[in-house]
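Provided herewith is a single structure, encoded as structure tokens, for subsequent inquiry.
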Amino acid sequence: MAAAWQDVVRDAAAVREAAAVAVDAALLAGVLMRTGEQPNASDVVNYAPFTLLPSAVPRALFEQAYAVQQDFNLLVDAVSQNKEFLEQTLASTIKVDDFTARLFRIYKQVLEEGLAQTVFLGINRSDYMFDCGLEGTAALRQIEINTIAASFGGLTSRTTDVHRLVLNVLGKSEEASQLLPNNPAKGLALGIAKAWELYGSQRAVVMFLVEDVQRNIFDQRCVENELWNRNIRVVRKRFRDVFEQGSLDASRRLYMDGQEVAVVYYREGYVPQVYDEQNWEARLLLERSRAVKCPDIATQLAGTKKVQQELSRQGTLEKLLPGHPEAIARIRATFAGLYSLDEGEEGDRIAATAIADPDRFVLKPQREGGGNNLYGEELREVLEKIKDSPERTSYILMDKIKPQPALNYLLRAHSPLQVSECISELGIFGVYVRQGRELVLNQAAGHLLRTKAIEHADGGVAAGVAVLDTPYLV
């Protein structure tokens, strides 16, 4: 924690007063979630969990994360267009991971039929932690890149104002003035609007593909309202609706209930549990259509952990981004150690190393949404069980990041106010639009800081572990 807050953290009376102000400010600003008891009703809501104080982030690492985002956009787009790379990289994974295999089958089917889609929209979020390592000098290390349903661009657009007010209440007006403006919702909407415009039909709508349980609706509404403000019509549909109401015409234009759909923005579809046979059929219908999918299925596959691990291999970036040596250097500087568990001598050696020293590593399955990674004894137990089985190829191994904890208060509805040792994760939103071969938009679109108590190894805000935060650059 920045030295600026040390006096505050130990002042119980000041903290109580600031927390009361903070909660009301969050409700006023719309930093909201529906409740667990009524996840589909907006007549009973509460504030989304957030930190009382903004967390210190090294300025140089923050700027490095922003500087590399356009490079990551380029890379994700390049991977999504490289059939040979995706086939080779995911060959072992699709033998043992049914979910990735089903996605891959749709990908192949759509390619064989011939792509109807000509405009491509990527909205991703690259997540980092600050690794203090042995030397104690913090380094930026990428945890993962989310290429589907990267959330909290809306609520984090509103959290900065809450923290600015809290600092003012605590007599820290100079520090309050240094908090950076941040509006990912606007940046994400800009990308969707550009894709909608290039699709070329004024009457067509943008479809948010949403979950059955929609606790995080206000985060989505922030982006949605930006589109309505541009006079772009938005509809919200579930996979079930697509199955029942969706159709393609002769030129593979997508219609929902008679309305043409220009853009499908996925806020669902990243975990196996949501797919029954009807939903897989709905997904295939969407992928076969001319509508701009965000992401299309190739881009979802580009975000798998196995691809992330393969990108760290010497020479891979050079093949994917020829003629971009500076971009490659910036990307590579953010990589943590990533290791393959494929069958063979190298995989055997890595598995044995991790079993012998599990606290050095994180074991990652091919899953999004937080709360899936394995650490410590649990990592050892799982690897012991699958070390001689092809099942181990559905995981990758990554060096464990060791960030410097700091004191903060995590404000959650119906929870006691207590100080916690915390660590933070920084996400940078990226947006790109490609028409045919031409990249017409490529930019960083804002940031998200999430913070959690150190006793939680894994999990994000939606998983109920991390809370929203604002970076205070030091």
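The values are calculated or read from the model by the stated rules, or taken from the named source; none is laboratory data. Model, not experiment: these values are computed from the prediction. When we count neighbours, we look across all protein chains shown, and the Cβ atoms used for this are built from the backbone with ideal geometry, even at glycine. Just so you know, the surface numbers come from the protein's heavy atoms only, side chains and all, with ligands and any DNA or RNA stripped out. Shrake-Rupley method; radii C 1.70, N 1.55, O 1.52, S 1.80 Å.
Considering only residues that are over 19 Å from GLU113 (Cβ atoms) and of a type in the set (Asp, Glu), which ones fall in the stretch 276-309? Quick ask: steps written out before the conclusion?
Within the stretch 276-309, the first condition is being over 19 Å from GLU113 (Cβ atoms), and the residues that meet it are 276-279, 294, 302-309.
Across the stretch 276-309, the qualifying residues are ASP276, GLU277.
Given THR147, THR137, which one is open to solvent by 10 Å² or more (accessible area, probe 1.4 Å) and either among the β-branched types (Val, Ile, Thr) or free of Cβ contacts under 8 Å to residues at least 12 places away in the same chain (or both)? Give the derivation first.
Details: THR147 fails: open to solvent by 10 Å² or more (accessible area, probe 1.4 Å).
Result of the check over THR147, THR137: THR137.
Moving on. Just wondering, is there one or more residues in the stretch 69-82 that are open to solvent by 40 Å² or more (accessible area, probe 1.4 Å), within 24 Å of the chain's Cα centre (by Cα) and over 21 Å from GLU310 (Cβ atoms)?
The answer is yes; a qualifying residue exists.
Still on this structure, I have one more. Just to confirm my filter: which strands (runs of 3 or more DSSP E) fall fully inside the stretch 192-258 and include at least 3 residues that are at pLDDT 95 or above, buried (at least 21 other Cβ atoms within 10 Å of the Cβ) and not acidic (Asp, Glu)?
Those strands (runs of 3 or more DSSP E) span 205-209.
Here is a further query. Taking the conditions exactly as written (assigned to a helix (DSSP H, G or I), of a type in the set (Ser, Thr, Tyr) and surrounded by fewer than 20 Cβ atoms within 10 Å (Cβ to Cβ)), does THR299 satisfy them or not?
Criteria not met by THR299.
Which residues, counting only those in the stretch 308-320, are in contact (Cβ under 8 Å) with a residue 60 or more places away in the chain and open to solvent by 70 Å² or more (accessible area, probe 1.4 Å)?
Correct list: LYS319 only.
Listed residues ILE350, ILE355, ILE396; which is part of a helix (DSSP H, G or I) and touching a residue at least 40 places away in the same chain (Cβ under 8 Å)? Show your work before the answer.
Numbers: ILE355 fails: touching a residue at least 40 places away in the same chain (Cβ under 8 Å); ILE396 fails: part of a helix (DSSP H, G or I).
On inspection, the qualifying residue turns out to be ILE350.
Now a separate question. Can you tell me how many residues within the stretch 83-95 are over 16 Å from TYR395 (Cα atoms) and surrounded by 21 or more Cβ atoms within 10 Å (Cβ to Cβ)?
Final tally of qualifying residues: 1.
I want to confirm something. Restricting to the stretch 321-340 and keeping residues that are assigned to a helix (DSSP H, G or I) and open to solvent by less than 20 Å² (accessible area, probe 1.4 Å), which single residue is farthest from LEU379 (Cα to Cα)?
ALA327
Where residues in the stretch 150-190 are more than 19 Å from the chain's Cα centre (by Cα) and not in a helix (DSSP H, G or I), which of them is surrounded by the fewest Cβ atoms within 10 Å (Cβ to Cβ)?
Checked the stretch 150-190; the qualifying residue surrounded by the fewest Cβ atoms within 10 Å (Cβ to Cβ) is PRO181.
Of GLU343, GLU281, which residue is open to solvent by 40 Å² or more (accessible area, probe 1.4 Å), touching a residue at least 12 places away in the same chain (Cβ under 8 Å) and outside any helix (DSSP H, G or I)?
Answer to the check: GLU343.
Okay, next question. Collect the residues in the stretch 408-441 that are part of a strand (DSSP E or B), open to solvent by 40 Å² or more (accessible area, probe 1.4 Å) and in contact (Cβ under 8 Å) with a residue 24 or more places away in the chain, keeping them in residue-number order. Walk me through it before giving the result.
Taking the stretch 408-441 and keeping what is part of a strand (DSSP E or B), we get 408-411, 419-435, 438-441.
Subset that is open to solvent by 40 Å² or more (accessible area, probe 1.4 Å): 419, 421, 435, 438-440.
Hits for the stretch 408-441 are VAL419, GLU421, GLN435, LEU439, VAL440.
Just the residues that are among the basic types (Lys, Arg), free of Cβ contacts under 8 Å to residues at least 60 places away in the same chain and outside any helix (DSSP H, G or I), please, taken from the stretch 365-389. Break it down into steps so the answer makes sense when it comes.
Filtering the stretch 365-389 down to residues among the basic types (Lys, Arg) leaves 367, 380, 385, 387.
Okay, now just the ones that are also free of Cβ contacts under 8 Å to residues at least 60 places away in the same chain, so 380, 385, 387.
Within the stretch 365-389, LYS387 is the sole residue that qualifies.
Looking at the stretch 259-278, which of its residues are touching a residue at least 40 places away in the same chain (Cβ under 8 Å), open to solvent by 10 Å² or more (accessible area, probe 1.4 Å) and in a loop (DSSP other than H, G, I, E, B)? Before the answer, list the steps.
Restricting attention to the stretch 259-278, the residues satisfying the condition of being touching a residue at least 40 places away in the same chain (Cβ under 8 Å) are 259-272, 274-275.
Restricting the remaining residues to those that are open to solvent by 10 Å² or more (accessible area, probe 1.4 Å) gives 259-260, 267-268, 270-272, 274-275.
Once the filter is applied, which keeps residues that are touching a residue at least 40 places away in the same chain (Cβ under 8 Å), open to solvent by 10 Å² or more (accessible area, probe 1.4 Å) and in a loop (DSSP other than H, G, I, E, B), the stretch 259-278 yields ARG267, GLU268, TYR270, VAL271, TYR275.
Are there any pairs, at least 6 apart or on different chains, whose C-beta atoms fall under 7 Å, with the first in the stretch 100-112 and farther than 16 Å from SER394 by Cβ and in a helix (DSSP H, G or I) and the second open to solvent by 60 Å² or more (accessible area, probe 1.4 Å) and of a type in the set (D, E, K, R), and if so, which?
That search, which allows pairs on different chains as well, returns VAL110/ARG288; LEU111/LYS83.
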